[in-house]
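Data block below; observations after.
The values are calculated or read from the model by the stated rules, or taken from the named source; none is laboratory data. Here the structure is a predicted model, which is why all the values come from computation and not from measurement. Glycine gets a Cβ as well: all are built from the backbone with ideal geometry, and neighbour counts include every protein chain shown. These area figures cover heavy atoms from the full protein model, side chains too; ligands, DNA and RNA do not enter into them. Shrake-Rupley method; radii C 1.70, N 1.55, O 1.52, S 1.80 Å.
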Number of protein chains: 6
Amino acid sequence: MTQLGIVKRQTIRADAAAVEKLSRFGVATIHEAMGRVGLMKPYMRPIYTGARLCGTAVTILLQPGDNWMMHVAAELLQPGDVAVAACTTDTTDGFFGDLLATSFKARGARGLIIDGGVRDVDELEKMGFPVFAKAIHAKGTVKATLGSVNIPVVCAGALVNPGDVIVADTDGVVVVPAAMAQAVANAAEKRESFEGEKRAKFEAGVLGLDMYNMREPLAKAGLKYID
Amino acid sequence: MTQLGIVKRQTIRADAAAVEKLSRFGVATIHEAMGRVGLMKPYMRPIYTGARLCGTAVTILLQPGDNWMMHVAAELLQPGDVAVAACTTDTTDGFFGDLLATSFKARGARGLIIDGGVRDVDELEKMGFPVFAKAIHAKGTVKATLGSVNIPVVCAGALVNPGDVIVADTDGVVVVPAAMAQAVANAAEKRESFEGEKRAKFEAGVLGLDMYNMREPLAKAGLKYID
Amino acid sequence: MTQLGIVKRQTIRADAAAVEKLSRFGVATIHEAMGRVGLMKPYMRPIYTGARLCGTAVTILLQPGDNWMMHVAAELLQPGDVAVAACTTDTTDGFFGDLLATSFKARGARGLIIDGGVRDVDELEKMGFPVFAKAIHAKGTVKATLGSVNIPVVCAGALVNPGDVIVADTDGVVVVPAAMAQAVANAAEKRESFEGEKRAKFEAGVLGLDMYNMREPLAKAGLKYID
Amino acid sequence: MTQLGIVKRQTIRADAAAVEKLSRFGVATIHEAMGRVGLMKPYMRPIYTGARLCGTAVTILLQPGDNWMMHVAAELLQPGDVAVAACTTDTTDGFFGDLLATSFKARGARGLIIDGGVRDVDELEKMGFPVFAKAIHAKGTVKATLGSVNIPVVCAGALVNPGDVIVADTDGVVVVPAAMAQAVANAAEKRESFEGEKRAKFEAGVLGLDMYNMREPLAKAGLKYID
Amino acid sequence: MTQLGIVKRQTIRADAAAVEKLSRFGVATIHEAMGRVGLMKPYMRPIYTGARLCGTAVTILLQPGDNWMMHVAAELLQPGDVAVAACTTDTTDGFFGDLLATSFKARGARGLIIDGGVRDVDELEKMGFPVFAKAIHAKGTVKATLGSVNIPVVCAGALVNPGDVIVADTDGVVVVPAAMAQAVANAAEKRESFEGEKRAKFEAGVLGLDMYNMREPLAKAGLKYID
Amino acid sequence: MTQLGIVKRQTIRADAAAVEKLSRFGVATIHEAMGRVGLMKPYMRPIYTGARLCGTAVTILLQPGDNWMMHVAAELLQPGDVAVAACTTDTTDGFFGDLLATSFKARGARGLIIDGGVRDVDELEKMGFPVFAKAIHAKGTVKATLGSVNIPVVCAGALVNPGDVIVADTDGVVVVPAAMAQAVANAAEKRESFEGEKRAKFEAGVLGLDMYNMREPLAKAGLKYID
């Protein structure tokens, strides 16, 4: 459960091969493959055009106006990880900038998801360090109050456990529980394999009404056509 | 009036020549030419840089979490149309993605205006299918509940009748009633013809105070200059 | 104090050399150099990618739906100035477009900060006239009601006095009181001089925990590590 | 269509008997009786506990920061009318207070629906003049710019034509087109006649699952019960 | 993990004595006793003055615009339970009204927490059925798409497991994990036992600066007093 | 200027007689008497029905999640003061509850204005300690970071200097600069003296159109009446 002042050193990360496979798919596809669950709120946006990431979560619970736990988390980041920062309250403070990004990147982190603000956005883009955030804000923070690292957190409306797979692209951010990573990757692959055929049909002018046999259920539901 | 479960097949589209003429002007100019009315709310933004569109509306009334009517509308889209989707409630769900866009494009549609969310944004940009939306969200939808097609809808605060002209660019989205399309296009042309001269004067350092003879009315209104 | 119908002709602008020096630093650095104060709210965003500005404030207090004072302010703009527009109420109207920008630019203004909306955004980008705004909206305004020019205003949560230095970049907008401009510029320079060394250490894998000697205070605060 | 500077003197009000009948039902019931359409956005709230109204709409289109049209509308108000005020842009200004309420009440108006702000709220409560508004704000307005009276307006997301029936209570605000008033009143009555029986069954412990025969469709849809 | 189409029949409810004890304390006290965690977002408000509840959670995951799962949940409600409804997306639809409340109450439920809208608010108050909600909205829903019951949900930013204790009052909503209910109740009791003494001191004019020995740490932190 | 870590002991409070006189008028009247300036944003609401206050400001600048400065401010409160708390960032944390209210009340404070959250709302109502706040939230705070007391602050969009008069009622919160208190009180009195006559005329059915001689200016502005 959520508790402040706790750092969990060991976490069970999702299987590396599954993570790699998930990285080939978009957020919308993975969300569908999971049964239409797992998304963060739509206010989570990439801080620069083209940002994209896929990796395993190291979770951080911040206190408002305080980024102390970012430094504690840095030590636990391993190559392939994504830092996922939640806060105990709604906030847009700039908890993260280019210096922390340099540290995180040196540890092998693939990016940051933060239900709060970031700054030094131009530098982050130059560094190629993808961040998905609620806000861009230059507002600095202090280092005075304990939060936690690697406990389950609710980030932008989604539950994230340490080790879960995080995939983020222009369409948003999705969380895949570690234990389901392989199954979801397979389901995403399967789903995508059908898309080419559908796309070709749509391009040829076939209607969804016919492709998905919707005319009868629509009529049954009572849809009335008038002129 | 607004009613669910209705599809109107025939609509009277604005005159094609007027639509073409309107397509030459920006949203701000057209809004002024209409007497400063007709705009959608400012939360309607292009989903990619440089998106722009002009065409005749096919209106769609969606139910929350449900994009069934998108497929019904596809059949009614004609070359030069713009799909305009409203919802019976506030929503950010991702009702629309690249497959539907492929279908709409194959029908000749010029883009989508949606008071809700879209996904597959990178693909939509690659396809060159412009969308103006309230949100980008990967959240998928079902096909279970009837809305309507080609009835009058309120989309992002603006009344849209089927056949109205929709113009959208970086400045927002404006709705021109079909019956006024030609008159508005003419007024926009006239308005724009004055702008070059004004711009030249401003560039030469002439002040609006002088160009528009504002000094006297300002003084009359009581404006006080102090040092 | 805030009063309507007043225009102050003479203002004491921040020292030009200090302004020039401040222009070399980012908003986040300047905000830190000031002791973590002076920022506008994070909803103030550049209207195009890469917008950046630094200059001395000419302040404008607008009435809702009315941009008359923009023209009054134009006359008072000097080379190196930045127009800073607040409104007596929350608003997203499009008070400013390419014609006014042409006028402002001809006067030597470096850009606009507005707690409201702007339009003609594509043209503003082409002109290279940076604007930081709350909204993009084509909604036009009238010229009927007096506001004020060059009085203290609260713009997006920050107090701005005429002559203050305004710096804006991708991270937001910061206000430096004129009397502090030199001291803040010096502090920003000093702060930035330390950053290179820190960055190098982070790149080499040194942790903030060690660089900033955080382990002991964290333990003292009660942080518990578990496996 | 929406146009500024127009006042329509004659409007066709909904049938008085139908209005009276509608006044007996709650907003939720009427909305259902209309087929789940016609509601304003949920940000429209009564300004005091227990406010409730039902009457025929006199519509007002305001300009931001300007309540001139309120006075124009006063002359057109007849006993049983409800003033419905929209604005050409998003606003929270206090367009209306106790003096205007005194005037409206003297004309026989039953209340005000406003997509904006009101003030003198304590006095309005004492007067028993119900208002449903987006905001309470003391911010005053000017009388300088033309809007319109008795044209179709979009108020809080709903289309309102002059003469339509407006019903408002704690659950929100619903608009019934004049031509449908009688039919909707009848449908509401019918709907409500079923509610007593349902309520009694629910009180007796009967489940909706059984009362509405949902178990089979739920199973068919794939609902899985686990222990 | 979150999955749609699942109903869990058996849940382990928090210990009844612990629930009873928790019911004696306010939300702020319980939140502090938990170590300042467990709160829902502040947009969750009581729908009528004086609403208050404490009980064990039966969780519901709704689909947008669809309240089918409310009926499924009704069957699982036991005396002392509180229904906690989340939705797969942001919503303000009116998923719940007086008929469902009658059913829930007949099952012994103590109230509803919903990250969405409710209606029939006056009737709910008359019934004494407390609801804490994001919105009041008359908007009706359909019964067409599967959600889940008694799975872990994120409701208004807080993780809720079935069987957890929910306490709600004017200050908001707090979630106490079932396994911690007794410990938190004890901590709350202890915390409250100190408050009387503190209150008496404050009433007597003792300052927090002295009661909590803050003068020295404030000076150490660098606080400067000027005249 | 805004600086952290500063406490100003001496402030020049507005003249007591002027404060007393201002206390007789409503917020809307005072705002008008000041020339339509001085209001806080409309999101500042009384936390209980009927809350009202008038007094001289002791200003507090808080850090996010930290209420240390509340205790520092308590020592400086004198009978007739109102605490006015701003924060260095947007926040809804519960910085204030019944214990601090007991302390403030014991010092003679008349209430609190806070651009953030409060808790223990029921107790505050019982105590008769009026608070106007952005949010009600049980979220607790720490005491770790310095803010300031009695420096100029921007609170909910309004500049407040220590010693200014704060008047708050159901219509919102207005700030009267200390030096203007007497003049504004006189202007408010004058304004109110005209209202009785106007109200009587409105009650008698006189229209604003006639009382304010609006018909001619409306016609001149181009208003068109149609049937």
inquiry  = If each label sits 7 angstrom from Cα along the C-beta direction, how far apart, in nm, is C:PRO79 from its counterparts in the other copies?
reply    = 5.5, 5.5, 6.3, 7.4, 8.6
note = Classified through the alpha carbon gyration tensor (a ≥ b ≥ c as square roots of its eigenvalues; rounded if a/c is under 1.5, else prolate when a/b is larger than b/c, else oblate), the protein assembly as shown comes out rounded
ask   = So which residues of region F:157-194 lose at least 40 Å² of accessible area, probe 1.4 Å, when you go from the chain by itself to every protein chain present?
value = F:LEU159, F:THR170, F:ASP171
For q = 0.11, 0.13 Å⁻¹, Debye-computed log10 I/I(0) when each Cα of region C:129-210 counts as one equal scatterer = -0.55, -0.69
query = What's the average, rounded to a whole number, of partner chain beta-carbon atoms within 10 Å of each residue's beta-carbon in E:114-122?
reply = 4
Formal net charge of residues neighbouring B:PRO64 (Cβ-Cβ distance under 15 Å; K, R +1; D, E -1) = +1
inquiry  = Quick check: from the Cα gyration tensor, does region F:125-174 come out rounded (a/c under 1.5), prolate or oblate?
reply    = oblate
query = How big is the F/D interface in buried accessible area, both sides summed, 1.4 Å probe, to the nearest 100 Å²?
reply = 3100 Å²
ask   = Where both partners of a DSSP beta bridge lie in region E:1-107, what percent of those bridges are antiparallel, to the nearest 5?
value = 10 percent
note = Note on chain C: contact order normalised by length, alpha-carbon pairs under 8 Å, 6 or more apart, percent, works out to 30 percent
inquiry  = If I model a spin label as a point 7 Å beyond the Cα along the Cα-Cβ vector, how far apart are those points for D:GLN3 and A:VAL206 in nm?
reply    = 5.0 nm
note = Expected output for region F:34-55, residues with a loss of 20 Å² or more in accessible area relative to the chain alone at probe 1.4 Å, reads F:ARG36, F:VAL37, F:LEU39, F:LYS41, F:PRO42, F:ARG45
task = Tell me the distances, shortest first, between E:GLU203 and the same position across the other copies, using label points 7 Å along Cα→Cβ, in nm to one decimal.
result = 4.5, 4.5, 6.5, 7.7, 8.0
remark   = Expected field for D:GLU216, accessible surface area in Å² at 1.4 Å probe radius, rounded to 10, holds 140 Å²
message = Before I look further, what does the protein assembly as shown give for accessible area per residue, probe 1.4 Å, in whole square angstrom?
response = 34 Å²
query = How would B:LYS143, E:LYS21 line up by accessible area, probe 1.4 Å, largest first?
reply = B:LYS143, E:LYS21
key: Most mobile listed residue (E:SER103, E:SER193, E:SER148) in chain E, GNM with C-alpha springs under 10 Å   = E:SER193
remark   = Per region E:1-134, sqrt(5λ) over the Cα gyration tensor eigenvalues, sorted largest first, in Å, gives 21, 18, 16
request  = Working with all protein chains in place, sort A:LYS139, C:LYS41, E:LYS201 by solvent-accessible area computed with a 1.4 Å probe, largest first.
outcome  = E:LYS201, C:LYS41, A:LYS139
ask   = What number comes out for the charge environment of C:LEU223, summing +1 per Lys or Arg and -1 per Asp or Glu over other residues with Cβ under 14 Å away?
value = +3
message = Out of the total accessible area of chain A (probe 1.4 Å, heavy atoms of protein only), what percent is carbon and sulfur?
response = 51 percent
inquiry  = Please report the antiparallel percentage of the DSSP beta bridges confined to chain B, to the nearest 5.
reply    = 50 percent
query = Hey, what's the per residue convex hull volume over the C-alpha atoms of chain B, in cubic angstrom?
reply = 164 Å³
ask   = With each run of n ≥ 4 DSSP H residues scored as -39500 (n - 2.57), what mean residue ellipticity at 222 nm is computed for the protein assembly as shown after dividing by its residue count and rounding to the nearest 500 deg cm²/dmol?
value = -9000 deg cm²/dmol
ask   = Quick one: Karplus J couplings for region A:21-28, per residue in order, coefficients 6.51, -1.76, 1.60, θ = phi - 60°, nearest Hz, x for Gly and Pro?
value = 5, 4, 5, 7, 10, x, 4, 5
request  = Using a 10 angstrom cutoff on alpha carbons, build the Gaussian network for chain E and name the most mobile of E:ALA183, E:ALA28, E:ALA73.
outcome  = E:ALA183
query = For label points placed 7 Å from Cα toward Cβ, what is the shortest-first list of nm distances from D:ALA16 to its copies?
reply = 5.4, 6.1, 6.1, 7.8, 8.4
ask   = Of B:LEU159, D:LEU39, B:LEU112, which has the most accessible area and how do the rest follow, probe 1.4 Å?
value = B:LEU159, D:LEU39, B:LEU112
ask   = Hey, with R₀ at 56 Å, roughly what FRET efficiency would C:GLU195 and A:LYS198 work out to, going by the Cβ-Cβ distance, to 0.05?
value = 0.65
Degrees, to the nearest 10: A:181-203 long Cα axis against longest axis of chain A = 40 degrees
task = Estimate the FRET efficiency between F:GLN78 and E:ASN213 by the formula 1/(1 + (r/R0)^6), using the beta-carbon distance for r and 22 Å for R0, to the nearest 0.05.
result = 0.35
query = Out of the DSSP beta bridges found with both residues in the protein assembly as shown, what percent are antiparallel (nearest 5)?
reply = 45 percent
task = Take every residue in peptide F:197-206, count the Cβ atoms of other chains within 10 Å of its Cβ, and give the average of those counts.
result = 4
remark   = Connecting every pair of Cα atoms under 10 Å apart in chain E and solving the GNM, the largest mean-square fluctuation among E:VAL154, E:VAL173, E:VAL84 falls on E:VAL154
message = Given the whole protein assembly as supplied and a 1.4 Å probe, what does the accessible area of B:TRP68 come to in Å², nearest 10?
response = 20 Å²
key: Sequence ranges E:175-181, A:91-97, ranked by mean other-Cβ count within 10 angstrom, highest first   = A:91-97, E:175-181
ask   = Averaged over peptide B:96-102, how many Cβ atoms belonging to another chain are found within 10 Å of each residue's Cβ?
value = 4
request  = Between chains D and E there is a rotation axis; tell me the chain D residue with the nearest beta carbon and how many whole Å away it sits.
outcome  = D:THR49, 4
task = Run the dipole for region C:1-40 about the Cα centre, Lys and Arg Cβ at +1, Asp and Glu Cβ at -1, nothing else charged, and hand back the magnitude in debye, nearest 20.
result = 140 debye
query = Taking the C-alpha atoms of region C:15-68, how large are the radius of gyration and the largest Cα-Cα span, Dmax, in Å?
reply = 13.9, 37
request  = Can you find, among C:ALA28, C:PRO46, C:ALA17, the residue farthest towards the positive end of the dipole of region C:14-56? Put +1 on the C-beta of Lys and Arg, -1 on that of Asp and Glu.
outcome  = C:PRO46
message = What does the C-alpha gyration tensor say about the overall shape of region D:175-226? Classify as rounded when a/c is under 1.5, otherwise prolate if a/b is larger than b/c, or oblate.
response = oblate
inquiry  = Which residues, if any, in region C:1-24 lose at least 20 square angstrom of accessible heavy-atom surface (probe 1.4 Å) when the other protein chains sit next to their chain rather than the chain being alone?
reply    = C:MET1, C:THR2, C:LEU4, C:GLY5, C:ILE6, C:VAL7, C:LYS8, C:ARG9, C:GLN10
